[in-house]
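Asks: Structure in structure tokens, see below.
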Amino acid sequence: MKRTILLAGVAVLSGCVSAEQLDKIYGSQTPPTAAERAAAVAYIKTTFYDPYSIRDASISNAMTLLDTGYRSICVRFNAKNRMGGYVGMTSTSLRFQGANVVSSFQDAPGCNNAKLAYSAFPELENL
């Protein structure tokens, strides 16, 4: 059952693309722009349960999602849940069109790929 769910998650993130296309996506990495970083903070601040509890935050490089016009950035962090306890490191994929976040996908499998480079994200920790 877990394997089926994981494979379905990979298919959703990758859009059923081939290994060559995934290599092209991960090969398109560039550091996120200041506008994308600010949009990520604003989105998380308005949509997550307790954004002020976020710690150990990091942000990935931005990837171009083939010919869709979208860019994707992953954010990792540890934050409190509704019960007030820290839940451990989680990853969320944010999809951008221009400098605006248009959707997100929590625990996206593509965010855990070893090809994806991360850097510190102090703006998210210092809300």
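The values are calculated or read from the model by the stated rules, or taken from the named source; none is laboratory data. Keep in mind the model is a prediction, meaning the values are calculated, not measured. No Cβ is skipped: glycine too gets one built from the backbone with ideal geometry, and neighbour counts run over all protein chains shown. For the accessible areas, the whole protein counts, side chains as well, though only heavy atoms, and no ligand, DNA or RNA atoms are used. Shrake-Rupley method; radii C 1.70, N 1.55, O 1.52, S 1.80 Å.
Asks: Cα to Cα, under 19 Å, and not fewer than 8 places away if on the same chain: which aspartates and glutamates meet these conditions relative to Lys24?
Replies: Asp67
Asks: Specify which labelled value, from [x] 18.2, 56; [y] 14.4, 43; [z] 12.8, 34, agrees with Rg and Dmax of the Cα atoms in Å derived from the coordinates of the model shown.
Replies: [y]
Asks: For the chain, which cysteines have no second Cys with its Cβ under 4.7 Å from theirs?
Replies: Isolated Cys, the chain: Cys16.
Asks: A further question on this structure: Quick one: order Tyr26, Tyr86 from most to least accessible surface, probe 1.4 Å. Before the final figure, lay out the partial values.
Replies: Working: Tyr26 25, Tyr86 90 Å².
If we order Tyr26, Tyr86 from most to least accessible, we get Tyr86, Tyr26.
Asks: Something else: Straight-line reach from Lys45: which aspartates and glutamates have Cα under 19 Å away, leaving out those fewer than 8 places along the same chain?
Replies: Filter leaves Glu36, Asp56, Asp107, Glu123, Glu125.
Asks: On the accessible surface of region 42-125, probed at 1.4 Å, how many percent belong to carbon and sulfur atoms?
Replies: The C+S portion of the solvent-accessible surface of region 42-125 is 48 percent.
Asks: Same structure again: Is it possible to state the helix-based mean residue ellipticity at 222 nm for the chain, with each DSSP H run of 4+ residues giving -39500 (n - 2.57), the sum divided by total residues, to the nearest 500 deg cm²/dmol? What is it?
Replies: Helix contribution divided over all residues of the chain: -9000 deg cm²/dmol.
Asks: What number comes out for accessible area per residue over the chain if the probe is 1.4 Å? Units Å², please.
Replies: Computed with neighbouring chains in place, this is 57 Å² per residue.
Asks: Mean Kyte-Doolittle hydropathy of -0.5 or higher plus an axial Cα length of 15 Å or more: which whole DSSP H helices in the chain meet both?
Replies: Answer set is 2-14, 34-47.
Asks: Oh, and also: If the chain between Thr30 and Ser119 were fully stretched, how many nm would it gain, using 0.36 nm times the residue separation less the Cα-Cα distance?
Replies: 30.9 nm
Asks: A follow-up question, please. For Cys74, what residues show an amide H to amide H distance below 5 Å, using hydrogens built from the backbone and excluding near sequence neighbours?
Replies: The list, which skips near neighbours in sequence, is Ser60, Leu94.
Asks: Straight-line reach from Lys115: which aspartates and glutamates have a Cα under 14 Å away, not including same-chain ones fewer than 8 places off?
Replies: Reachable aspartates and glutamates: Glu20, Asp23.
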